[in-house]
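Have a look at the structure below before the remarks.
None of the figures in this text is laboratory data; all of them are computed from the coordinates on show. Computed from a prediction, not measured in an experiment: that's the story for all the values here. Cβ atoms come from the backbone with ideal geometry, glycine included; neighbour counts cover every protein chain shown.
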Amino acid sequence: MNLISIRIITNDVRKLVTFYEQVTGIAAIFYTEDFAELQTQCATLAIGSTRTLQPFGGDEVAKAAQNRTAIIEFLVKDVEADYNRLTEFHHQVVQQPTLMPWGNKSLLLRDPDGNLVNLFTPVTPEAINKFEDKIS
């Protein structure tokens, strides 16, 4: 089994897509005005409007901007460089680049819907070894 995609449900697809394009540097693919994807080397971040919930059972299946448990994480080459690059966009920084006990330097942001987004770079030998085949 492989994790292929994470989907965020939002009331404003364009706003959320713009945020993730700025953060990742990846251009989104819009399939409809209600659904877009940012495709990374390992997985896809899908962004769908609340209107996309209808085939899944209706509006009560998921609520936009209600997440308080998940963190969307991106492995990056240089978290400090990304932090400096992203300051021009005035995104909400929750935590500046900080060395975590498990060996990653981590930058924590909030997207426009309040979801936590972690950009991290492995810095200890153990962390580098863990992600060596995924760092591009």
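General remarks:
- Cα-based shape type of the stretch 1-60, given that a ≥ b ≥ c are square roots of the gyration tensor eigenvalues and the cut on a/c is 1.5: oblate
- Summing +1 for each Lys or Arg and -1 for each Asp or Glu among the other residues whose beta-carbon sits under 10 angstrom from that of Val23 gives -2.
- Computed about its Cα centre, the charge dipole of the chain is approximately 160 debye, with only Lys, Arg, Asp and Glu carrying charge at their Cβ.
- About its Cα centre, the stretch 68-136 has a charge dipole of approximately 140 debye under the convention of +1 per Lys or Arg Cβ and -1 per Asp or Glu Cβ, with nothing else charged.
- Computed over the chain: relative contact order in percent, which uses C-alpha pairs under 8 Å that are six or more apart: 21 percent
- Positive-end residue, the chain charge dipole about Cα centroid, Cβ charges, pick of Pro97, Ala27, Ile4: Pro97
- Phi to ³J(HN,Hα) by Karplus 6.51 cos²θ - 1.76 cosθ + 1.60 over the stretch 33-40, Hz, x for Gly, Pro: 5, 9, 8, 9, 9, 10, 9, 9
- Label selected from (1) 17.0; (2) 15.5; (3) 15.8, the criterion being Kirkwood radius over Cα pairs in Å as computed here: (3)
- Euclidean distance between Cα centres, the stretch 40-54 to the stretch 102-130, Å: 21 Å
- Sequence-distant lysines (8 or more away, or on other chains) whose Cα lies within less than 29 Å of Lys130: Lys77, Lys105
- DSSP-defined antiparallel bridges as percent of all bridges, the chain, nearest 5: 65 percent
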